[in-house]
Amino acid sequence: ANSDGLFDIEGVDLGWRPLNQLPPLFVRALGDSQSGSLVGPIQCNAGFHLLWLIDKRSPSSTIQQQTKA
């Protein structure tokens with residue numbers, strides 16, 4: 001879902017992203033936040049943002065594909 005209204009409360013799921021793919025404003029705001037944290041409101045030219053950090057992956061984490069043969 002895209003936020004395009006003044007009172008849109010549905011939000012947008014950014015999915016798993018490495019820090020270098022997030023806006024610097026979000027990276028600074030998240031800082032050392034723990035999983036499950038609600039961060040914000042963060043103000044920028046586009047309005048106000050609330051970030052809900054659901055979980056973190058360490059840089060050494062890898063995704064493994066499993067196949068049943």
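Using a 1.4 Å probe and counting only protein heavy atoms, arrange Ile54, Ile42 so the residue with the most accessible area comes first. List each step's numbers first, then the result.
Numbers: Ile54 115, Ile42 15 Å².
Descending accessible area places them as Ile54, Ile42.
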Accessible surface ranking that places the most exposed of Val12, Val27 first, with a 1.4 angstrom probe: Val12, Val27
Heavy-atom accessible area order for Lys56, Lys68, largest first, 1.4 Å probe: Lys68, Lys56
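The values are calculated or read from the model by the stated rules, or taken from the named source; none is laboratory data. Since the model is a prediction, treat every value here as computed from it, not as a measurement. Keep in mind that these areas ignore ligands, DNA and RNA; they rest on the heavy atoms of the full protein, side chains included. Shrake-Rupley method; radii C 1.70, N 1.55, O 1.52, S 1.80 Å.
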